Amino acid sequence: MARDDERPRLFVAIDLPEAVRESLGRLQAELRARDLPGLRWTRPEGIHLTLKFLGETPAASLPAIQDALARAVRGASQFQLALGAPGTFGNRRGPRVLWVDVGGDLEPLGRLQAAVERELTAAGIAPEERAFSPHLTLARVPQPPRPALAERISRALEAVVPPQDRFEATEVVLMRSELQPGGAVYSRVQAFPLS
């Protein structure tokens, strides 16, 4: 349990089955072999579908957040998701993030994410400014990117065969993120099962 003066870094996510993480790890290995220097790769065990990033949050807010998430999942059923094509987020200067798209039952996913957003906003958490874009982060690109890296990334993404995994979304998880020298380490705070 967190001390009252702690400010754990929190987010809300759908966790992935081990087999899906393994598929994504193989995709990362294939991309790494294509001369993409300097990227910060997400550890496969840390890949998840983020529904809401809370950031550093006063420990005293945890009970209200947990109550809000319990309300958000009330009446929400399990649904199936699928891995899609890889892509990037970025701008004219080049990509910032490499990701895999999420497909499948996007309507119930959208309703669930909207319920999480609505209930957390009612609990005093600042609303997200950007529209929800379901994706799984594979790597982050150092900014500004090295010359020609954007072109290399584009060619690498076109050359790989994306995994075809499907998986069931069975719960929403409140997660804690601890930044360490080797990258973020995630731990589950509480799970909220879908019916």
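FYI, it's all coordinate maths here, none of it is from the lab. What you see is a predicted model, and the numbers here were worked out from it, not measured in a lab. Note that we place each Cβ from the backbone using ideal geometry, even for glycine, and neighbour counts take in every protein chain shown.
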Within a Gaussian network of the chain (alpha carbon springs, distance under 10 Å), most fluctuating of L120, L109, L149: L149
Helical mean residue ellipticity (222 nm; -39500 (n - 2.57) per DSSP H run of 4+; nearest 500) of the chain: -9000 deg cm²/dmol
Förster radius 45 Å - calculated FRET efficiency between E168 and A122 (Cβ-Cβ, nearest 0.05): 0.95
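Can you give the FRET efficiency to the nearest 0.05 for R188 and V161, using r as the Cβ-Cβ distance and R₀ = 30 Å?
0.45
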Full-extension gain in nm, F132 to Q180, via 0.36 nm per residue minus C-alpha separation: 14.6 nm
Net charge dipole size for the chain [Lys, Arg +1 and Asp, Glu -1 on Cβ; Debye, nearest 20]: 680
Among A148, V12, L98 - extreme Cα towards positive end, dipole of the chain, charges at beta-carbon: A148
Choice from E18, E117, E129 showing the highest fluctuation, given a GNM over the chain with Cα pairs closer than 10 Å: E129
Region 41-95: Cα Rg divided by the 2.2 N^0.38 Å rule of thumb: 1.62
GNM flexibility winner over the chain from P44, P63, P181 (Cα, springs under 10 Å): P181
